[in-house]
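Read through the structure below, which is laid out as structure tokens, and then see the notes.
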Amino acid sequence: MPEKNGAGPEKNGAEKVRVRFAPSPTGSLHLGSARTALFNHIFARHNGGVFVLRIEDTDLSRSTEDSAAGIVDGLAWLGLDWDEGPVYQSRRMDHYRAAVEDLLGRGRAYRCVCTPEELKQRREEAKKDGRPPGYDGRCRDRKDVPSGAPAAVRFRTETEGETRFEDLVKGPQTKRNAEIDDFVIQRTDGTPIFYLSVTVDDAEMAITHVIRGDDHIPNTFKQILLLQAMDSPLPHFAHLPLIHGLDKGRLSKRHGATSIQSYREQGYLPAAMNNYLARLGWSAGDQEVFTREELVEKFRLGDVGKSPAIFNPEKLLWLNAHHLREMPVAEMAALVRPFLEATGVPRIGSPEGRDEKWLERAVDAHKERSRTLVEMAESLAPYLADEITYEPAAERMLTEEITGPLAEAAARISGMTDTRPPAMEPVLREIAKQYGMKLGQVAQPIRAALVGKKVSPGIFDVIALMGREKTLSRIRRALEHVRAAGKTKSE
Ligand code: GLU
């Protein structure tokens, strides 16, 4: 399929692709930012380019080190490795000041001594008179600004013509320059405004493609004006569609978890997150499941859609289950381990716990039924826990009617040394026959007795994983439980 408009100049080898992910560390890494990072990452890898991580922490009142560390950690967890950085903008203040000085020296910027109160008052007057509320240009040509006075710096925008760019996702974008006011590029305290720091860094870091959320489209016009004033080449711009919830509203906390960290804690896999995030706004035919390699191979900016992407947690869960099933057992065992330990059961490898081989067998037996690592850990915990608790559905199966078959199973097992499937199967079949039941009618209460759940892998696998001793003690425990709960006829 021919590429639409996302080929970029890299295809003819003229320019090495350089992209950046530039989060502001004012919160956790959320789904939208992670998707931006992913698209930058796979675009760089697809084109043999460079992926730069830049932390935009010039707003010292809102940025925190914890947030920056959380974002870096989240990216590392997703496996979105970067080639340069993290570069912290707060350590590059001298670059921004130098750029401002240069623009001032060349008359492309000017110092502005209007106070916030004056600006507010004039904005309100403009609104009342039906004039545009942007800066009115009071200091633009003023000759009486004292050189030492505290002043902000404003960019001298063009008043004529228009600024355009061809967005690789959204198509042609145009704005009349008259609609862009003389915006501030440096605050009175000497700190740079976002437009300026982004532009200086994109220029100095030789960024070829700016890939980010489409809420930045209005900023792009200002950045282009600045780049032109700095005589820097323009990068390509690709603005990604917003992410909406199922109700078509902008994705927010009311749609459930939105931070990468919370999905990590809920037992989602990086492979599934990347797969799902990639599909938020991008597609390659009707393929749903992608490995990382396939994402890198198939990703084209031209295949990113224009309209908002809909976040569907059910689909993410489905993909997670899929990636979990496809994963090598040893890898899955290693991943589930911390989740298992968090349930409070004896540690794998400890004297009172089970060993790693056991864990791999258990993971293999449960992978079809677990959609997340948390679900997997919850299914495995009963094998390791000292005490069993019965889910309500399991509790309902432990009735007086099944005490006969359960007691019989306990008696038979206590005389056996081998409780692996070939030995157990004929035994349970005989018990079922003896009580005029189907095998399933005997298996269900045994399952409830062993793992406290209604659903588990096949009963013979469960018994084998549980082991003879624990199988026996759990069946005895269930019998006691039925008695104690007063479910027997005699009480
Ligand atoms: N720091 C900006 C943000 O977090 C992104 C800037 C950019 O990508 O150009 O929204």
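The values are calculated or read from the model by the stated rules, or taken from the named source; none is laboratory data. Keep in mind it's a predicted model, so treat the numbers as computed, not measured. Counting neighbours? That spans all protein chains shown, and the Cβs are built from the backbone with ideal geometry, glycine included.
Can you spot a residue in the range 200-207 that is assigned to a helix (DSSP H, G or I), of a type outside the set (Asp, Glu) and away from the ligand (no atom under 11 Å from the Cβ)? Yes: the range 200-207 contains one or more residues that are assigned to a helix (DSSP H, G or I), of a type outside the set (Asp, Glu) and away from the ligand (no atom under 11 Å from the Cβ).
The lone criterion from (1) at pLDDT 95 or above; (2) more than 24 Å from THR26 (Cα to Cα); (3) touching a helix residue (DSSP H, G or I) at 6+ places or on another chain (Cβ under 7 Å) left unmet by LEU104 is number (3).
For the range 293-322, a residue qualifies if it is in a helix (DSSP H, G or I) and touching a helix residue (DSSP H, G or I) at 6+ places or on another chain (Cβ under 6 Å), and the qualifying residues are LEU295, VAL296, LEU316, LEU319, ASN320. Considering the conditions (1) buried (at least 19 other Cβ atoms within 10 Å of the Cβ); (2) touching a Gly at 6+ places or on another chain (Cβ under 6 Å), THR389 is excluded by exactly one of them, (1). Restricting attention to the range 169-199, the residues being part of a loop (DSSP other than H, G, I, E, B), closer than 18 Å to TYR88 by Cβ and in contact with a strand residue (DSSP E or B) (Cβ under 7 Å, 6 or more places away or on another chain) number 1.
For every residue, the table says whether it meets (1) among the small types (Gly, Ala, Ser); (2) within 30 Å of ARG164 (Cβ to Cβ); (3) touching a His at 6+ places or on another chain (Cβ under 6 Å).
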{"site": "ALA206", "(1), (2), (3)": "yes, yes, no"}
{"site": "ILE211", "(1), (2), (3)": "no, yes, no"}
{"site": "PRO233", "(1), (2), (3)": "no, yes, no"}
{"site": "LYS253", "(1), (2), (3)": "no, no, no"}
{"site": "ILE260", "(1), (2), (3)": "no, no, no"}
{"site": "ALA272", "(1), (2), (3)": "yes, no, yes"}
{"site": "ALA278", "(1), (2), (3)": "yes, yes, no"}
{"site": "VAL304", "(1), (2), (3)": "no, yes, no"}
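When PRO445, PRO457 are screened for being within 28 Å of GLY344 (Cα to Cα), touching a residue at least 12 places away in the same chain (Cβ under 8 Å) and not in a loop (DSSP other than H, G, I, E, B), only PRO445 passes. Answer yes if at least one residue in the range 265-280 is surrounded by fewer than 23 Cβ atoms within 10 Å (Cβ to Cβ) and assigned to a strand (DSSP E or B), and no otherwise. No, because not a single residue in the range 265-280 is surrounded by fewer than 23 Cβ atoms within 10 Å (Cβ to Cβ) and assigned to a strand (DSSP E or B). Being in a loop (DSSP other than H, G, I, E, B) and among the basic types (Lys, Arg) is a description that applies to ARG140.
With respect to (1) out of contact with any Leu (no Cβ under 8 Å at 6 or more places or on another chain); (2) buried (at least 18 other Cβ atoms within 10 Å of the Cβ), the lone exception for ARG140 is condition (2).
Quick check on my filter: what residues within the range 126-137 are surrounded by 12 or more Cβ atoms within 10 Å (Cβ to Cβ) and assigned to a helix (DSSP H, G or I)? Hit for the range 126-137 is ALA126, nothing else. Of the residues making up the range 226-264, those that are in contact with a strand residue (DSSP E or B) (Cβ under 9 Å, 6 or more places away or on another chain), in a helix (DSSP H, G or I) and within 15 Å of the ligand (Cβ to nearest atom) number 2.
Across the range 210-246, the qualifying residues are those that are touching a helix residue (DSSP H, G or I) at 6+ places or on another chain (Cβ under 8 Å) and within 19 Å of LYS315 (Cβ to Cβ), and the one among them that is modelled with the highest pLDDT is LEU240. Quick one: which residue in GLU101, GLU118, GLU160 is more than 27 Å from SER63 (Cα to Cα), without any contact (Cβ under 8 Å) to a residue 60 or more places away in the chain and in a helix (DSSP H, G or I)? The match here is GLU118. Among the residues of the range 16-70, the ones that are under 16 Å from the mean Cα position of the chain (by Cα), in a strand (DSSP E or B) and away from the ligand (no atom under 14 Å from the Cβ) come to 0 in all. Note on the range 68-98: residues that are touching a residue at least 24 places away in the same chain (Cβ under 8 Å), aliphatic (A, V, I, L, M) and surrounded by 16 or more Cβ atoms within 10 Å (Cβ to Cβ) amount to 6. Within the set ARG212, ARG176, the sole residue that is surrounded by 13 or more Cβ atoms within 10 Å (Cβ to Cβ) and more than 12 Å from the ligand (Cβ to nearest atom) turns out to be ARG176. Within the range 284-313, residues that are touching a residue at least 40 places away in the same chain (Cβ under 8 Å) and surrounded by 15 or more Cβ atoms within 10 Å (Cβ to Cβ) reach partners that are charged (D, E, K, R) and not in a helix (DSSP H, G or I) with beta carbons closer than 6 Å, at six or more positions or on different chains, in the pairs ARG300/GLU3; GLY302/GLU3; GLY302/LYS4. When the range 326-355 is examined, which residues are found to be touching a residue at least 12 places away in the same chain (Cβ under 8 Å) and polar (S, T, N, Q)? Scanning the range 326-355 gives a single hit, THR343.
Only residues that are assigned to a loop (DSSP other than H, G, I, E, B), within 34 Å of the chain's Cα centre (by Cα) and of a type in the set (Lys, Arg) were counted in the range 367-418, giving 1.
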